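Structure first, commentary second.
Where a number appears in this text, it was derived from the coordinates with a stated rule and is not lab data. What you see is a predicted model, and the numbers here were worked out from it, not measured in a lab. Here the Cβ positions follow ideal geometry from the backbone for every residue, glycine too, while neighbour counts run over all protein chains shown.
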Amino acid sequence: MIPKKLAAKAGNILVISHLVSGALTVLVAVAFSKLLGPQEFAIYSLCLAMNAASNTLCRLGINSALLTQKEFPTNLEFDTAITIMLTSAIVVALGLIALLPLLAIFSQVSYFILPGILTSVLLPVQIMSLPPLIRMERQLNYMPVVAIEIAGQLIGYIVGIGLTMIGFGYWGPLIGWCLRAVFQGFLPWVVLGQAPHLRWNKPIALRLLRSGVGYGIGSTFLQSRTFIILNIVGRFYGQSAVGYLALTIRAASLIMPFRSAVMRVMLPTVGPIINEKQKMASALNSATEIEVLLTIPFAIIAVALFESLVKIVLGSVWIPASSFFPWVVAGSILAASHAQSMSALLVAGHIKESIISSIVFLVSITTALFSLSWIGISGCAVAFILVWPAYWVQEYFSIHRLGTRWSKNGTIWAIAGAVTCVSWSLGAWLLVFPTVLIYITRSEILARFRSIIKYIR
């Protein structure tokens with residue numbers, strides 16, 4: 001059993017680190033957008049989205065299996081795990097390189113193939129870091145993990161911005177990203193004072209694969225959403241629209257710094273007790289409502305300032321991005337009211353349900369983007385609101401498989417926040433609506449805060 005104080009400390013470290021990392025990501029995304037323009041920024045963003053999805057696939061869920069098993073993994077288990085994941089990374093990299101011409105034709109993003117090859121080749125290097133990172137995360141020793149992540153970000157961003165400023169174009173941020181990948185791939189081994197060993201044990205390999213593959217497939221579907229959406233947007237709306245949307249997604253991620261931190265702590269701490277349905281249902285309900293409440297103020301401020309900041313900092317070429325932003329943020333708020341249910345389904349091993357939920361979402365967003373393409377770029381923005389009913393599929397599975405409860409307050413607050421963001425973009429003045437609603441339910445807010453703090457402690 002992991003000490004509760006250690007879990008709380010780890011959660012605090014992760015929340016702060018995600019805030020810092022998210023702020024860095026958005027600031028650098030703004031710098032790259034200013035230097036590159038929508039067309040070249042689209043190439044860079046599509047490569048990173050592809051890498052994020054393929055990186056998740058390479059792991060085959062083995063990282064989750066090592067994090068959630070009751071006993072601390074042995075050296076042989078770690079060595080077998082890295083052997084499997086490295087082999088998988090090589091196979092996935094070769095497959096991606098073969099598919100890149102087709103992806104470039106479908107997305108209609110020019111000059112995508114060579115950058116895509118570069119990011120694919122580095123997949124095995126990225127996988128190298130997992131065993132030492134998992135060792136530290138199993139112990140909730142997140143301080144060195146966070147230091148490595150932020151140091152890698154700084155190195156990549158400084159080099160990328162420097163190269164872009166002297167005329168490297170989209171290759172500048174990509175070269176910076178490559179240096180970051182190499183740095184973060186090998187430094188964890190240096191921190192632990194160890195070296196990777198490739199060993200094979202068939203019973204261990206089969207057990208890890210049985211435990212992890214389902215989670216890996218479900219996570220890959222979830223992680224692939226951004227990459228698939230950017231491809232579809234490129235197909236129906238053009239390469240510049242990919243750049244606009246990629247920037248707004250990066251900016252929107254800054255207002256939701258809590259979700260990934262909660263997920264990372266959930267695997268090693270909550271995974272072993274996922275079958276205690278009553279406790280899990282209460283914790284997920286509280287976490288969902290708190291996440292929505294904490295997101296709304298960030299969202300309203302961001303929507304209020306985004307258009308002015310775009311005009312001042314990025315210039316007129318990026319003004320179309322401001323039409324995306326309120327709708328993407330509103331969609332993110334609505335998604336927040338269901339985010340923990342997807343995480344719980346994955347951790348609990350309900351892979352079929354999580355895959356079905358992801359497929360329903362992807363079919364819904366594809367249909368919405370295609371149906372609204374005749375409107376132009378505004379139709380692309382509106383599509384992110386229309387897919388909200390797709391999230392109810394995963395909510396249904398969560399209620400019926402895990403015994404969770406529908407979060408009435410979380411849903412009402414999410415709708416209020418989404419209406420506020422959209423109404424601002426339309427020039428309406430409904431800002432008082434969510435304020436009054438939250439005021440009326442202020443006692444519930446305090447109760448939920450106390451509940452989640454008690455659970456964490």
Could you check the spin-label model distance between THR74 and VAL121? Points 7 Å from the Cα along Cα→Cβ, value in nm. 3.9 nm
Give me the extension gain from LEU102 to ARG207: residue separation times 0.36 nm, minus the current Cα-Cα distance, reported in nm with one decimal. 34.2 nm
Kindly rank 197-206, 150-159 from highest to lowest mean number of other beta carbons found within 10 Å of each residue. 150-159, 197-206
Once phi for every residue in the range 154-162 is put through the Karplus expression 6.51 cos²θ - 1.76 cosθ + 1.60 (θ = phi - 60°), the whole-Hz ³J(HN,Hα) values, with Gly and Pro written as x, are 4, 4, x, 5, 5, 5, x, 5, x
Residues whose modelled amide H sits under 5 Å from the amide H of GLY61, counting only those 5 or more places away in sequence or on another chain, are GLY216
J(HN,Hα) series, the range 106-121, from Karplus relation 6.51 cos²θ - 1.76 cosθ + 1.60, nearest Hz, glycine and proline x: 5, 6, 6, 9, 6, 6, 8, 5, 4, x, x, 5, 4, 5, 6, 4
